[in-house]
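Step one of this worksheet: look at the structure below.
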Ligand SMILES: [Zn+2]
C-alpha cells in the first residue's frame, strides 16, 4: 500500500517467543494477532490487559485521536454515566 506497510512487514513480532517477521496490527504477527483476538473473544483477556503485559501495542495514535474515536469515547462515557444514574435510582 505505502511505505508504512513496507516497514511494518519488516518488523518482528512483539512476542519474544514468536519473533516472526511481518506485523499485522498492534505489534503482532498474523498468528499472534489472531491468537490475541481469539483470547479476547473468549473473554480471557482484553487489548488493555495485553498492552499492560507488553504483549500488544496500542492502536495507532492517529486513529485514537480521530474525530470518530474521540466522539465515540465521549458518547460511550456519557452512556455509561446515564446507565449508572439509572442503576442508582
Ligand atoms: Zn507472533
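Brief remarks follow.
- Ranking of 68, 50 by neighbouring Cβ atoms within 10 Å, starting from the fewest: 68, 50.
- Take each peptide in 17-23, 76-82, count the other Cβ atoms within 10 Å of every residue, and average; sorted highest first, the result is 17-23, 76-82.
- Neighbour counts of C-beta atoms inside 10 Å place 57, 26 in the sequence 57, 26, starting with the fewest.
Read-outs throughout are calculated quantities, based only on the coordinates presented, and are distinct from any laboratory measurement. All values derive from a computational prediction rather than experimental measurement. A quick note on method: Cβ atoms are made from the backbone with ideal geometry, for glycine too, and the neighbour counts reach across all protein chains shown.
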